[in-house]
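Visitor: Sharing a structure here in structure tokens format.
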Amino acid sequence: GAVVSQHPSRVICKSGTSVKIECRSLDFQATTMFWYRQFPKQSLMLMATSNEGSKATYEQGVEKDKFLINHASLTLSTLTVTSAHPEDSSFYICSARPGTGTTGELFFGEGSRLTVL
Amino acid sequence: AQSVTQPDIHITVSEGASLELRCNYSYGATPYLFWYVQSPGQGLQLLLKYFSGDTLVQGIKGFEAEFKRSQSSFNLRKPSVHWSDAAEYFCAVISWGKLQFGAGTQVVVTP
């Protein structure tokens, strides 16, 4: 199957700093990638849809200025948590769908665990 | 919008016993349904998916799921669980091009 890679897998940062998480589709191109957030023992909540070459679409309640998403190429999307605070600590997972369709299988990255001190 | 509900938050099963995880969906037409598994601290792995056709879907790791339109269900089954099946299982549906997850079911396997 297709492979999606996230980096870093774990990151610890100080409160007030910014952290960038990368999501790469290794063997396919994806015009759309998705960013999810998962709190401990909870389900995945969709944060935003990353669209190559255009602005991301954020879900209701997600601060777009806090969670900056850039989808500069067909194989890379980045999530930057700006001015991180302890409440931003979470497991962030990206996913990507090959091609341009809207109903095909999504492939998930391994996740990135962010801890803000 | 389409959604899925997983009624069971937590299930404990003995190794070697059968397992069934429930998933109900709300959608008027035929939904695109998925089952994913997540081990602690890991990403998600697709077990199986249903788009159309045969309502009994075979997946990886010996899992299968049956789509039942009359019951709006897509339950996941495994005849004999292994200790390595202990994980979190998520049912999901594509809604407006986005994958929406159920709350998840934690599976604990006892010796």
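Visitor: Give the residue, chosen from A:LEU117, A:LEU26, A:LEU74, that is farther than 28 Å from B:PHE34 by Cα, among the aliphatic types (A, V, I, L, M) and more than 13 Å from chain B (Cβ to nearest Cβ).
Guide: Numbers: A:LEU26 fails: farther than 28 Å from B:PHE34 by Cα; A:LEU74 fails: farther than 28 Å from B:PHE34 by Cα.
Result: A:LEU117 is the single residue among A:LEU117, A:LEU26, A:LEU74 that is farther than 28 Å from B:PHE34 by Cα, among the aliphatic types (A, V, I, L, M) and more than 13 Å from chain B (Cβ to nearest Cβ).
Visitor: Continuing with the same structure: Looking only at the range B:62-100, count every residue that is at positive phi and modelled with pLDDT under 95 and tell me the total.
Guide: Qualifying residue count for the region: 3.
Visitor: So, one more: Taking the condition of a type outside the set (D, E, K, R), over 12 Å from the mean Cα position of the chain (by Cα) and over 30 Å from A:THR100 (Cβ atoms), does B:GLY53 pass? Lay out the reasoning, then the answer.
Guide: On the way: of a type outside the set (D, E, K, R): yes; over 12 Å from the mean Cα position of the chain (by Cα): yes; over 30 Å from A:THR100 (Cβ atoms): no.
For B:GLY53, the condition - of a type outside the set (D, E, K, R), over 12 Å from the mean Cα position of the chain (by Cα) and over 30 Å from A:THR100 (Cβ atoms) - is not met.
Visitor: Starting from residues that are out of contact with any Asp or Glu (no Cβ under 9 Å at 6 or more places or on another chain) and surrounded by 20 or more Cβ atoms within 10 Å (Cβ to Cβ), keep the ones in the range A:92-108 and report whichever is nearest to B:LEU44 (Cα to Cα).
Guide: Narrowing the range A:92-108 to residues out of contact with any Asp or Glu (no Cβ under 9 Å at 6 or more places or on another chain): A:92, A:95-96, A:99-108.
Subset that is surrounded by 20 or more Cβ atoms within 10 Å (Cβ to Cβ): A:92, A:95-96, A:106-108.
Working: A:TYR92: 12, A:SER95: 9, A:ALA96: 12, A:LEU106: 10, A:PHE107: 8, A:PHE108: 6 Å.
Restricting to residues being out of contact with any Asp or Glu (no Cβ under 9 Å at 6 or more places or on another chain) and surrounded by 20 or more Cβ atoms within 10 Å (Cβ to Cβ), the top hit is A:PHE108.
Visitor: If I filter the range B:83-94 for residues that are more than 14 Å from every other protein chain (Cβ to nearest Cβ) and part of a strand (DSSP E or B), do I get at least one hit?
Guide: Residues of the range B:83-94 more than 14 Å from every other protein chain (Cβ to nearest Cβ): B:83-86.
Now restrict to residues that are part of a strand (DSSP E or B): none.
For the range B:83-94, residues more than 14 Å from every other protein chain (Cβ to nearest Cβ) and part of a strand (DSSP E or B): absent.
Visitor: For the range A:76-93, how many residues meet the condition of being part of a strand (DSSP E or B), of a type outside the set (A, V, I, L, M) and within 12 Å of A:ARG113 (Cα to Cα)? Step through it out loud before you land on a result.
Guide: Here is the first cut: in the range A:76-93, the residues part of a strand (DSSP E or B) are A:76-81, A:90-93.
When the remaining residues are screened for being of a type outside the set (A, V, I, L, M), the result is A:77-78, A:80, A:90-92.
Going one step further and asking which of them are within 12 Å of A:ARG113 (Cα to Cα), we end up with A:90-92.
Count: 3.
Visitor: Of the residues A:SER25, A:SER73, A:SER89, A:SER77, which is more than 20 Å from B:VAL93 (Cβ to Cβ), surrounded by 13 or more Cβ atoms within 10 Å (Cβ to Cβ) and in contact with a His (Cβ under 7 Å, 6 or more places away or on another chain)? If you could, list the steps in order and put the result at the bottom.
Guide: Working: A:SER25 fails: in contact with a His (Cβ under 7 Å, 6 or more places away or on another chain); A:SER73 fails: in contact with a His (Cβ under 7 Å, 6 or more places away or on another chain); A:SER89 fails: in contact with a His (Cβ under 7 Å, 6 or more places away or on another chain).
Exactly one of A:SER25, A:SER73, A:SER89, A:SER77 is more than 20 Å from B:VAL93 (Cβ to Cβ), surrounded by 13 or more Cβ atoms within 10 Å (Cβ to Cβ) and in contact with a His (Cβ under 7 Å, 6 or more places away or on another chain), namely A:SER77.
Visitor: Could you list, in sequence order, the residues of the range A:36-46 that are within 11 Å of chain B (Cβ to nearest Cβ) and without any contact (Cβ under 8 Å) to a residue 60 or more places away in the chain? Reasoning before the result, please.
Guide: Here is the first cut: in the range A:36-46, the residues within 11 Å of chain B (Cβ to nearest Cβ) are A:36, A:38, A:40-46.
Hits for the range A:36-46 are A:TYR36, A:PRO40, A:LYS41, A:GLN42, A:SER43, A:LEU44, A:MET45, A:LEU46.
Visitor: Regarding the range B:4-11, can at least one residue be identified that is surrounded by 13 or more Cβ atoms within 10 Å (Cβ to Cβ), out of contact with any Lys or Arg (no Cβ under 6 Å at 6 or more places or on another chain), part of a loop (DSSP other than H, G, I, E, B) and of a type in the set (S, T, N, Q)?
Guide: Yes.
Visitor: Now, a different point. Those residues that are crowded, with 18+ Cβ neighbours inside 10 Å and of a type in the set (Gly, Ala, Ser), I need them from the range B:26-58; list them, please. Show your work before the answer.
Guide: Let us first name the residues in the range B:26-58 that are crowded, with 18+ Cβ neighbours inside 10 Å, namely B:31-38, B:43-44, B:47-50, B:57.
Listed by number, the list holds a single entry, B:GLY43.
Visitor: Considering only the range B:87-101, state which residues are under 16 Å from B:LYS61 (Cβ atoms) and surrounded by fewer than 22 Cβ atoms within 10 Å (Cβ to Cβ).
Guide: The answer is B:ALA87, B:GLU88.
The values are calculated or read from the model by the stated rules, or taken from the named source; none is laboratory data. Source: prediction; values computed, not measured. No Cβ is skipped: glycine too gets one built from the backbone with ideal geometry, and neighbour counts run over all protein chains shown.
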